[in-house]
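The values are calculated or read from the model by the stated rules, or taken from the named source; none is laboratory data. Since we're looking at a predicted model, the values are computed, not measured. Using ideal geometry, Cβ is built from the backbone for each residue, glycine included, and neighbour counts are taken over all protein chains shown.
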Amino acid sequence: MKLKHFPLLFLLVLSFSSYAQKWTKSNTQNSSITYPKKVARPKLIVGMVVDQMRWDYLYRYNERYGNGGFKRIINEGFSAENTLIPYTPTLTGCGHAAIYTGTVPAINGIIGNNWFDSQIGRDVYCVEDKNVKTVGSVSNEGLMSPKNLLVTTVTDELRMATNFRSKVISISIKDRGAILPGGHVANGSYWYDDLSGNFITSTHYMNNLPDWVKQFNAEKWPDKFFAQDWNTIYPIESYINSTSDQKSYEGLFKGETASVFPHLFNQYVNKNYSMMASMPQGNTFTLEMAKAAIVGEKLGQMNNTDFLAVSLSSTDYVGHQFGPNSIEAEDTYLRLDKDLSAFLTYLDKTVGKGNYLFFLTADHGATHVPGFSQENKLPGQGLSTRKLKTALDSLILSNFRVKKAIFTMMNNQVIFDHEAIKEANADFGQIKQLCLDYLVKQNGIFNAVDIKNLNNATIPTELKTKITNGYNARRSGDIYYILDAGSYPSTSTGTGHGAWNPYDSHIPAVFMGWGIKPGKTNKKYYMTDIAPTVSALLHIQEPSGSIGNVITELIK
């Protein structure tokens, strides 16, 4: 080696030696680190769906709410005040699925509580599963699972993100209210059995009920509540936000001659357990089960992030029977406010204030009872779907000689029997046009459209989008008929939901607790934004069909 290259070589050796020392020191310092820093997440997420809760109920009864329930989540949390449902029809199964999947029925497959599957020739219930068995009862009410849900839920994604260490428990009186939020891989989904008055599940989840569920069932809460009857918790004359008692358009319980307080439930002790859902104490019952789950499963207490999904069904049963302007509805929400306050206090004590993320929303709203609308000179009327189908069948028979060309009319859709039409060599296009022309002339119907030809329909773009979002090629019909504002497809007492209108589609979306910055926004958001927002807060993947956006304003 030539001498003139020695200084350069010496410098290279020194540089390498210095780098090696730094590298060795760095790795020696880090050698004690075995695991990466834990991702910040709450101990527990509690998702609460109040079935049939219109957004305006947050404020309609506000002056009568206490400070620990609805007022607390509004004052301490973040409310997306203008949250809407982005599809139609607005029904329970669809709503629970959309909240937890972050997507619409067109993608998640839950287009209604039921739908008609023309390939198998019968109605399909949204969570039915003939391949499982009931666990916890001898009834068939446990033949249920999430198999009809075509995508994952935020609860599924949390389980996968933690390699299934996180627990997911979902609870509701309604099976669909428990199963769809719990997702495909819940540790346990529990719903109410009308036969036994117990919470049950199916073999999709387990082969035997856990001991804590058996112990809860043994307490026979329904009989305790039946014995109390149902009277208003405040003097009845103080219910000034509701119509007077005894309206002919409000439904009756068995044995009643008038829809008035008190409603006598003591007759059902040890007898008709299905009535548990129809009284406001059904919400109390569900929340007691939720508390038992927190203890029994040690939710939020095992160094993992767990998820408790609770759906309160009694608000829906009361709303259907009495309507949104009844004393019964007001009393139900005043009682729920007290139950909510007690439940949040329980979370504070068991999980710790600031350690849990809580959100409250609804699966849909409610239409005013048509009788109430007519009484007060407002738009709205009842509509008989059965009479519509009879008239259309008669028209098709007389014009095209096809018997029973329509399978059924449900979810505001007309489902045709294409095989019967084909066998009669009838022109389906002409039959469809005949039905469209007839429907648009009927009282209570705003318009009717060919679902597969929506681009040519002369209706607002927003309605086209909502109809498209609710359409699934395998499970939907051929014609969608849009009701007049205030109309409802039933001529019986009480009311329901299903329309695109704000009374059915404007829902609460309030978040409180871990990671939440208090405040409000009137920016338009959608039901499908809830799951992506929770996913973002938890730093997990969004559900597999998610199309929603993150509500960034609420993130602390």
TODO: List the number of the failed condition for ALA448; all other conditions in (1) part of a helix (DSSP H, G or I); (2) in contact with a Cys (Cβ under 8 Å, 6 or more places away or on another chain) hold.
DONE: (1)
Task: Selection count where residues are under 19 Å from PRO210 (Cβ atoms) and in contact with a Gly (Cβ under 8 Å, 6 or more places away or on another chain), scope the stretch 140-172 - done: 6
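What residue, of GLY380, GLY352, is of a type in the set (Gly, Ala, Ser) and in the same structural domain as SER248 (by TED's automatic domain parsing)?
Details: GLY380 fails: in the same structural domain as SER248 (by TED's automatic domain parsing).
Within the list GLY380, GLY352, the selection yields GLY352.
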Open item on the list: If I go through the stretch 144-171 residue by residue, how many of them are farther than 22 Å from ALA40 by Cβ, assigned to a loop (DSSP other than H, G, I, E, B) and in contact with an Asp or Glu (Cβ under 6 Å, 6 or more places away or on another chain)?
Closed with: 2
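Filter the stretch 476-490 for residues that are more than 20 Å from LEU436 (Cβ to Cβ) and buried (at least 23 other Cβ atoms within 10 Å of the Cβ) and give the result.
Looking only at the stretch 476-490, we keep the residues that are more than 20 Å from LEU436 (Cβ to Cβ), and these are 485-486, 488, 490.
The one that is more than 20 Å from LEU436 (Cβ to Cβ) and buried (at least 23 other Cβ atoms within 10 Å of the Cβ): TYR488.
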TODO: Identify all residues within the stretch 451-465 that are surrounded by 14 or more Cβ atoms within 10 Å (Cβ to Cβ) and either touching an Asp or Glu at 6+ places or on another chain (Cβ under 6 Å) or outside any loop (DSSP other than H, G, I, E, B) (or both); write none if there are none.
DONE: ILE451, LEU454, LEU463, LYS464, THR465
TODO: Can you tell me which residue within the stretch 212-230, out of those that are surrounded by 12 or more Cβ atoms within 10 Å (Cβ to Cβ) and part of a loop (DSSP other than H, G, I, E, B), is nearest to the chain's Cα centre (by Cα)?
DONE: LYS220
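One line per residue, one yes/no per condition, for (1) hydrophobic (A, V, I, L, M, F, W, C); (2) farther than 28 Å from TRP55 by Cα; (3) crowded, with 24+ Cβ neighbours inside 10 Å; (4) within 20 Å of the chain's Cα centre (by Cα):
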{"site": "TYR273", "(1), (2), (3), (4)": "no, yes, no, no"}
{"site": "VAL295", "(1), (2), (3), (4)": "yes, yes, no, no"}
{"site": "MET302", "(1), (2), (3), (4)": "yes, yes, no, no"}
{"site": "SER314", "(1), (2), (3), (4)": "no, no, yes, yes"}
{"site": "VAL318", "(1), (2), (3), (4)": "yes, no, yes, yes"}
Task: Candidates VAL132, VAL124, VAL138, filtered to the one that is within 19 Å of TYR273 (Cα to Cα) and either assigned to a strand (DSSP E or B) or touching a residue at least 40 places away in the same chain (Cβ under 8 Å) (or both) - done: VAL138
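If you check GLN381, GLN413, GLN433, which single one turns out to be farther than 30 Å from MET48 by Cβ and loosely packed, with under 15 Cβ neighbours inside 10 Å? Explain how you work it out, then say what you get.
Numbers: GLN381 fails: loosely packed, with under 15 Cβ neighbours inside 10 Å; GLN413 fails: loosely packed, with under 15 Cβ neighbours inside 10 Å.
From the options GLN381, GLN413, GLN433, the qualifying one is GLN433.
Taking the stated definitions as given, is VAL154 touching a strand residue (DSSP E or B) at 6+ places or on another chain (Cβ under 9 Å), in the same structural domain as ALA531 (by TED's automatic domain parsing) and more than 19 Å from LEU287 (Cβ to Cβ)?
Numbers: touching a strand residue (DSSP E or B) at 6+ places or on another chain (Cβ under 9 Å): yes; in the same structural domain as ALA531 (by TED's automatic domain parsing): yes; more than 19 Å from LEU287 (Cβ to Cβ): yes.
Considered against the rule, which asks whether it is touching a strand residue (DSSP E or B) at 6+ places or on another chain (Cβ under 9 Å), in the same structural domain as ALA531 (by TED's automatic domain parsing) and more than 19 Å from LEU287 (Cβ to Cβ), VAL154 comes out as yes.
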- [ ] Return the total of residues in the stretch 68-103 being in contact with a Ser or Thr (Cβ under 8 Å, 6 or more places away or on another chain), of a type in the set (S, T, N, Q) and either crowded, with 24+ Cβ neighbours inside 10 Å or in a loop (DSSP other than H, G, I, E, B) (or both).
- [x] 5
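Residues of the stretch 172-207 being assigned to a loop (DSSP other than H, G, I, E, B) and charged (D, E, K, R), which ones? Break it down stepwise before answering.
First pass over the stretch 172-207, keeping only residues assigned to a loop (DSSP other than H, G, I, E, B): 173-174, 183-187, 194-197, 203-207.
Correct list: LYS174, ASP194.
Checking the conditions here, which among ALA499, ALA485, ALA473 is closer than 19 Å to PHE116 by Cβ and either assigned to a loop (DSSP other than H, G, I, E, B) or free of Cβ contacts under 8 Å to residues at least 60 places away in the same chain (or both)? First the steps, then the outcome.
Working: ALA499 fails: closer than 19 Å to PHE116 by Cβ; ALA485 fails: closer than 19 Å to PHE116 by Cβ.
Just a single option satisfies the conditions, and that option is ALA473.
Need a quick list: helices (runs of 4 or more DSSP H) entirely within the stretch 244-363 having at least 2 residues that are in contact (Cβ under 8 Å) with a residue 40 or more places away in the chain and among the aliphatic types (A, V, I, L, M). Give the derivation first.
Details: elements: 281-296, 314-322, 327-347.
Ranges flagged: 281-296, 327-347.
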